[in-house]
């Protein structure tokens, strides 16, 4: 599969077959570490740096951080729906439009960093409590029209964390060359 390296610096998500307990354990640790890593990468950045995009036409560092807070809040809710309902159909949202809203345009990322720390602490606790039966539960995603098992979704969100952390690092390494 061909992909755009600037858009997908770590490549697309690759679902292992089968997904084993070690995969899930490793993915939960990636999810648990993400808030601290993104905070470390962004602490002390100037307003100019927070506005550097990771590629031409891509989101700025601040938009990536705000997006992760939005996305991960949605994700934990999707997990809870799948754990408490029979194969619910989740509600997608226009993340590109959300990235243009005022709260995603603010140069103050402290609220989103705090949100990530809180959501990820609870998310790790929830995910770590799941046994094989719960991990096999699923939800329907109307955009892809497919059933997504929770074990796969854990892997997808571990990838999502690493994917967007790579975007932040890419923007910083570019030194602002994709800005304006």
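The values are calculated or read from the model by the stated rules, or taken from the named source; none is laboratory data. From a predicted model like this one, the values you see are computed outputs, not experimental measurements. Glycine gets a Cβ as well: all are built from the backbone with ideal geometry, and neighbour counts include every protein chain shown.
Within segment 20-40, residues that are under 10 Å from residue 154 (Cα atoms) sit with their Cβ atoms under 7 Å from residues that are outside any helix (DSSP H, G or I), at 6+ positions apart or across chains, in these pairs: 23/16.
If only residues of segment 80-127 that are in a loop (DSSP other than H, G, I, E, B) and in contact with a helix residue (DSSP H, G or I) (Cβ under 8 Å, 6 or more places away or on another chain) are counted, the one that is surrounded by the most Cβ atoms within 10 Å (Cβ to Cβ) is 109. The residues of segment 129-164 that are within 18 Å of residue 35 (Cα to Cα) and out of contact with any helix residue (DSSP H, G or I) (no Cβ under 6 Å at 6 or more places or on another chain), listed by number, are 156, 159, 160, 162, 163.
When segment 128-166 is filtered for residues that are part of a helix (DSSP H, G or I) and touching a strand residue (DSSP E or B) at 6+ places or on another chain (Cβ under 9 Å), the ones remaining, listed by number, are 135, 150, 152, 153, 156. Inspect all residues belonging to segment 82-92 and state whether any of them is modelled with pLDDT of 95 or more, at positive phi and more than 19 Å from the chain's Cα centre (by Cα). So far as segment 82-92 goes, yes, one or more of its residues are modelled with pLDDT of 95 or more, at positive phi and more than 19 Å from the chain's Cα centre (by Cα). Taken over segment 167-180, the criterion of being touching a helix residue (DSSP H, G or I) at 6+ places or on another chain (Cβ under 9 Å), in a helix (DSSP H, G or I) and surrounded by fewer than 18 Cβ atoms within 10 Å (Cβ to Cβ) is satisfied by 169, 172. Among residues that are part of a loop (DSSP other than H, G, I, E, B) and within 17 Å of the chain's Cα centre (by Cα), residue 44 is not included.
Give the residue, chosen from 52, 27, that is surrounded by 13 or more Cβ atoms within 10 Å (Cβ to Cβ) and more than 26 Å from residue 178 (Cα to Cα). It is 27. Taking the conditions (1) under 17 Å from the mean Cα position of the chain (by Cα); (2) assigned to a helix (DSSP H, G or I); (3) under 30 Å from residue 131 (Cα atoms) in turn, residue 14 satisfies each one other than (2).
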